[in-house]
1. Quick one: Arg83 ticks every box in (1) under 20 Å from the mean Cα position of the chain (by Cα); (2) modelled with pLDDT of 95 or more; (3) under 22 Å from Gly253 (Cβ atoms) except a single one, so which number is it?
2. I want to confirm something. Restricting to region 343-359 and keeping residues that are buried (at least 22 other Cβ atoms within 10 Å of the Cβ) and in contact with a Leu (Cβ under 7 Å, 6 or more places away or on another chain), which single residue is modelled with the lowest pLDDT?
3. Would it be correct to say that Pro395 is surrounded by fewer than 18 Cβ atoms within 10 Å (Cβ to Cβ), part of a loop (DSSP other than H, G, I, E, B), modelled with pLDDT under 95 and in contact with a strand residue (DSSP E or B) (Cβ under 8 Å, 6 or more places away or on another chain)?
4. Just the residues that are in contact with a Pro (Cβ under 8 Å, 6 or more places away or on another chain), part of a helix (DSSP H, G or I) and under 17 Å from Val165 (Cβ atoms), please, taken from region 242-258.
5. Give just the number: which of (1) within 15 Å of the chain's Cα centre (by Cα); (2) in a helix (DSSP H, G or I); (3) not aromatic (Phe, Trp, Tyr) does Val128 not satisfy?
6. Just to be sure, is Pro205 at pLDDT below 95, surrounded by 15 or more Cβ atoms within 10 Å (Cβ to Cβ) and farther than 20 Å from Ala125 by Cα?
7. Taking the criterion of being assigned to a helix (DSSP H, G or I) and of a type in the set (A, V, I, L, M, F, W, C), would at least one residue in region 134-157 satisfy it?
8. Could you check region 259-297 and list, in sequence order, the residues that are among the small types (Gly, Ala, Ser) and either closer than 19 Å to Gln371 by Cβ or not in a strand (DSSP E or B) (or both)?
Amino acid sequence: MTTLRRTAVAAVLALVLPLPIAGAATAASAVTGPATAIAAASSPAPVSAELPRPTGPFAVGLDTLHLVDADRPDPWVPAAGPRQLMVSMVYPARPGSGGPAAYMTTAEALAWLQQDNIPNATGLAQAVSVTRSWARADARPAPGRFPLVLLSPGLTMPRATLTSVAVDLASRGYVVALVDHTYEAPGITFPDGRTLGCVICDRPPAGGPAAVASSRAKDLSFVIDQLTDRHPAWRYARLIDPQRIGLAGHSIGGDGAAATMAADDRVRAGVDLDGTLFAPIPATGLDGRPFLLLGAQADESPGQDPSWSQGWTRLDGWKRWLTIAGANHSSATDVPLLASQAGIPEPPEPLSPSRGLELTREYLGAFFDLQLKGIPQPLLDGPSPANPEVTFQRP
């Protein structure tokens, strides 16, 4: 794919939005309460919005950080002053501590749902905001030190839409920094109550997608700075092993992952989830560091995306190019699952939302277990009978 792919949120959520909300939540429960029921159009019986249960042995905690880069003006709105970022820290926690964490703020959910002028977004936003994620707010951290993995979402996508991936990695023993890139998603809520919209979603910046990837690289390196500095911005930064840092991104976030690795040698391993490499991998490679290309078969089979073909030849360390049959551009995110849990019939051919997330989490977990923990992963050695949808491409 050589155009800047925008996840088809509207196509998925347009199916959901006509559904009525059963049992409107109070303002307090929209922040910390259990998931609000979503009623299917064909039945008044409520269906709770819930992400897949994490697969690892750890309970999961969630903190929210507001970071300000005083040395860098905002690239998209210079008049806004220094670049500011919101980051969700998802981490291994002690069981039984903390309370249910919000999936996103109601204002973020509303802005996300309204980005394509879809009706009835106000009611649905409250339900989306309290989707059960299995993360616990203010949970006490588990003892130990863990690798750090940063996650970067696609353009127009709130950071919350990679929550399933983040929570699963944290349950397997990772600290995860889930990064929102300001003015690149339709709604990002800051501590002062402002919810900022997207400036570049429908108005590409000068320099095009490569400029977005380059900006993401600066954002992500800044987040690493703030988490590993002598005086870190996060209260539980002691959990992080700064010698074991990985990065994965979806869509333009995957391009940003490669761009970050090209500029920042602290990142030891990276993953591109179905993202065209508008900012090319350098001709000199990534200094032998491992990189995983994981995409939908229809998007990223050899010959479909010239940037992956070129990138593959430039990767100079451990590498895999995997494609998933039946997946689409958003299969690595929570979006299709949220739609299906609202009672929307699944299309007969594409991969089911739950299976898409299951495969994404399994292969991401295996990759980071191998590259950041040194645990052998036969799953990455070749095709698996248990996962016939996954093809190991050998261009």
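The values are calculated or read from the model by the stated rules, or taken from the named source; none is laboratory data. Quick caveat: nothing in here was measured; it's all calculated off a predicted structure. Cβ sites come from the backbone with ideal geometry, for glycine too, and all protein chains shown count toward neighbours.
1. (1)
2. Pro353
3. Values: surrounded by fewer than 18 Cβ atoms within 10 Å (Cβ to Cβ): yes; part of a loop (DSSP other than H, G, I, E, B): yes; modelled with pLDDT under 95: yes; in contact with a strand residue (DSSP E or B) (Cβ under 8 Å, 6 or more places away or on another chain): yes.
The answer is yes for Pro395.
4. Of everything in region 242-258, those that are in contact with a Pro (Cβ under 8 Å, 6 or more places away or on another chain), part of a helix (DSSP H, G or I) and under 17 Å from Val165 (Cβ atoms) turn out to be Ile252, Gly253.
5. For Val128, the exception is condition (1).
6. Working: at pLDDT below 95: yes; surrounded by 15 or more Cβ atoms within 10 Å (Cβ to Cβ): yes; farther than 20 Å from Ala125 by Cα: yes.
For Pro205, the condition - at pLDDT below 95, surrounded by 15 or more Cβ atoms within 10 Å (Cβ to Cβ) and farther than 20 Å from Ala125 by Cα - is met.
7. Step one: filter region 134-157 for residues assigned to a helix (DSSP H, G or I), giving none.
No, every residue in region 134-157 fails to be assigned to a helix (DSSP H, G or I) and of a type in the set (A, V, I, L, M, F, W, C).
8. We begin by selecting, within region 259-297, every residue among the small types (Gly, Ala, Ser); these are 259, 262-263, 269-270, 275, 279, 283, 285, 288, 295-296.
Ala259, Ala262, Ala263, Ala269, Gly270, Gly275, Ala279, Ala283, Gly285, Gly288, Gly295 - these are the residues of region 259-297 that are among the small types (Gly, Ala, Ser) and either closer than 19 Å to Gln371 by Cβ or not in a strand (DSSP E or B) (or both).
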